[in-house]
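Everything on this sheet refers to the single structure shown next.
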Amino acid sequence: MGLTRFAKYSWAVFAYVLLTVAWGAVVRATFSGDGCGSHWPLCDGQLVPAFESFHQVFEFSHRVTSGLILPMVIALLVMARRSLEPGHYGRKAAGIALGLTVMEGAIGAGLVKFGLVANNDSVARAGVMAFHTVSTYLLSSALMVAALAASGAPRFRLKNQGPLVPAFAVGLLSLGVLGVSGAVSALGHTLRPSEDVLKAAAAPDAHWMVRLQPAHPALATGIALYLALIGLLILRQRPAAASAVRWMLAVLGLQMLWGAINVWTKAPVFMQATHLVLADVQFATVIAMGIYAFQQKEGAPATESARPEFSNRDWIKAYVALTKPRVISLLLFTCLTAAFTAARGWPGWSVFIGLLVGGYLMPGAANAINMVIDRDIDQRMDRTANRPTANSAISAEAALTFGFLLAIASFGILWLTANLLSAMLALAGLFFYVVIYTLLLKRRTWQNIVIGGAAGCFPPLVGYAAVDNQLNTLAWILFAIIFVWTPVHFWALALMIKDDYAKAGVPMLPVVRGDRYTVEQIAAYTVVTVVVTLIPFFTRELGWIYLAAALALDAILVRYCLRLRSHIGRKEASALFHYSMLYLAVLFLMVAVDKAVLS
């Protein structure tokens, strides 16, 4: 069935507004905002100017094309009232679009009348431009919602939809913040272009807009990871929204690619305009995803099994268990020792406390979200059957809410006490664990732990970045050590609980390829681990203290591996598993000691 006349018109208005937004970016980037002087709505005091300069042509054409939006949106509202029943969200969206159109006109008038155009670099102009950017997000989104309603999109509701609603709201708010940073970054680039933004931003006398420019791509990366996480969780829990999620993810990927090209090409006018348009489309597609994810359904939602009665102390223990504290302890230790390594000693109380708290909360959030996704598997495995989500001590909704709260808190703590890079890396670790390992790999391939195990490699990067605000060669070597160590550690555990994995249908290596093949893989990765742990000495990143410790630890690791290879048994696998944890902890401790003593 084809689109109705109302639907076609709605999409046409949406597309027209995007083109107008792009032309507005061109006007700003070419310093044409004062092309008509301080006159508004007239241009240089005339209804039709003499077109004496291209600045005047650009500004006048932008006013005309923007002015046409008002009658177009009025017509849209009339059609919505005729085509949709009273109270329908499509009618409300058209009404909101009309209000936003009027507000956009007022913002444009204010920019001209108060001289916040061309070369003006005041805080007032940056603030109004930021507000202007967000308002175009909202206008574009209102028009898309009206178009979706005209195209037959389902009704939606936000009540009783669980923790995905607040998580979704945080994503929208984050996009708004990103729009603000983008507006300031674009304005700073226009007014004070630089060949090397990072160098210019680091200069003591740098303008405040220039100093903020590097934050925009960093924020964009973090928010993209968050939106991808939300989208994939919605894709798993709300299959009806699959098409909307895929559109959102496609636009997200295109926008990130376009942003990278924009930086690489020094932000020419065309790239700035298209990047802004994609940002409007991104915001709108996120809202569209929400409409389909939270669509109204007939009947009452399914309820989970009754939860056992717990005391307050039991509830606290259950929520702590969601974070898997025993697993986190080793991750946190590698994070803190990396910070000591970067600082060549004490990193300072602010960084230490921030990493201690934030470094615990982010992997704790990842573990909580993982327990929600894998609760069906956990219920079938003896080792995990008593996890809070598996035995319904904590509902999936509550656990998911808890996980998102921990992630947001961790990001804020790391940003405030250390820097944005450390917060970004922590979020990247969560994304890798939840999306790459849990959602994409765990149930599909025995290579899950080889690739997905990279999630456990992020803590030393977080600790190193918290001190240095960058990642040098040693930081990446520490990442690599954990990456090649993980299969040795985890497959030893998998040998011990292979029956559990087989019962749950998880394709871990011992289940898929057998014990002997698993042990051979452990042996191979043991050799690689030994080689990688010697690299810091031969690259002169670390000295003889580390080398002596690494050789001793490697010798014991090889011994445990050979014992397992000669006799494949639970006792030998357990010995290797438990030693591997001590191995990594002592190795990272000696990295920090070596740096503190010999630097």
Output the residues belonging to the stretch 74-121 that are within 20 Å of residue 20 (Cβ to Cβ), out of contact with any Leu (no Cβ under 8 Å at 6 or more places or on another chain), of a type outside the set (A, V, I, L, M) and modelled with pLDDT of 90 or more.
99
Quick check: anything in the stretch 552-563 touching a helix residue (DSSP H, G or I) at 6+ places or on another chain (Cβ under 7 Å), among the acidic types (Asp, Glu) and within 19 Å of residue 447 (Cα to Cα)?
no
Among the residues of the stretch 103-143, how many are among the β-branched types (Val, Ile, Thr) and within 15 Å of residue 40 (Cα to Cα)?
3
Please find, among 316, 353, the residue that is part of a helix (DSSP H, G or I), in contact (Cβ under 8 Å) with a residue 12 or more places away in the chain, surrounded by fewer than 24 Cβ atoms within 10 Å (Cβ to Cβ) and not small (Gly, Ala, Ser).
353
Provide a single number: the residues in the stretch 396-427 that are open to solvent by 20 Å² or more (accessible area, probe 1.4 Å) and small (Gly, Ala, Ser).
4
What are the residue pairs meeting all of these: first residue in the stretch 459-472, first residue in contact (Cβ under 8 Å) with a residue 40 or more places away in the chain and of a type in the set (Phe, Trp, Tyr), second residue open to solvent by less than 10 Å² (accessible area, probe 1.4 Å) and outside any loop (DSSP other than H, G, I, E, B), Cβ atoms under 6 Å, and 6 or more apart or on different chains?
464/338; 464/342; 464/475
If you go through the stretch 570-592 one residue at a time, do you hit one that is free of Cβ contacts under 8 Å to residues at least 40 places away in the same chain, within 19 Å of residue 344 (Cα to Cα) and in a helix (DSSP H, G or I)?
yes
Going through the stretch 131-167 one residue at a time, which ones are modelled with pLDDT under 90 and part of a helix (DSSP H, G or I)?
164, 165, 166, 167
Scan (1) more than 20 Å from the chain's Cα centre (by Cα); (2) open to solvent by less than 20 Å² (accessible area, probe 1.4 Å) for the single condition residue 496 breaks and write down its number.
(2)
So which of 450, 512, 467, 488 is modelled with pLDDT of 95 or more, open to solvent by 10 Å² or more (accessible area, probe 1.4 Å) and not polar (S, T, N, Q)?
467
Of the residues in the stretch 12-62, those that are part of a loop (DSSP other than H, G, I, E, B) and crowded, with 21+ Cβ neighbours inside 10 Å come to 32, 33, 35, 36
I'm checking my understanding of the structure. Among residues of the stretch 189-243 that are within 20 Å of the chain's Cα centre (by Cα) and without any contact (Cβ under 8 Å) to a residue 24 or more places away in the chain, which one is surrounded by the fewest Cβ atoms within 10 Å (Cβ to Cβ)?
242
When only residues in the stretch 361-377 that are touching a residue at least 40 places away in the same chain (Cβ under 8 Å) and not aliphatic (A, V, I, L, M) count, which is surrounded by the fewest Cβ atoms within 10 Å (Cβ to Cβ)?
374
Failed condition for residue 31, given (1) over 38 Å from the mean Cα position of the chain (by Cα); (2) among the hydrophobic types (A, V, I, L, M, F, W, C); (3) under 24 Å from residue 189 (Cα atoms), with all others met?
(1)
Condition (residue is among the polar types (S, T, N, Q), in a loop (DSSP other than H, G, I, E, B) and on the phi < 0 side of the Ramachandran plot) applied to the stretch 518-540: is it met by at least one residue?
yes
Within the stretch 453-505, the count of residues that are aliphatic (A, V, I, L, M) and closer than 16 Å to residue 433 by Cα comes to 5
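The values are calculated or read from the model by the stated rules, or taken from the named source; none is laboratory data. Predicted, not measured: the structure shown is a model, and the values here were computed from it. A quick note on method: Cβ atoms are made from the backbone with ideal geometry, for glycine too, and the neighbour counts reach across all protein chains shown. Accessible surface is based on the protein model in full, side chains and every heavy atom, while ligands, DNA and RNA are left aside. Shrake-Rupley method; radii C 1.70, N 1.55, O 1.52, S 1.80 Å.
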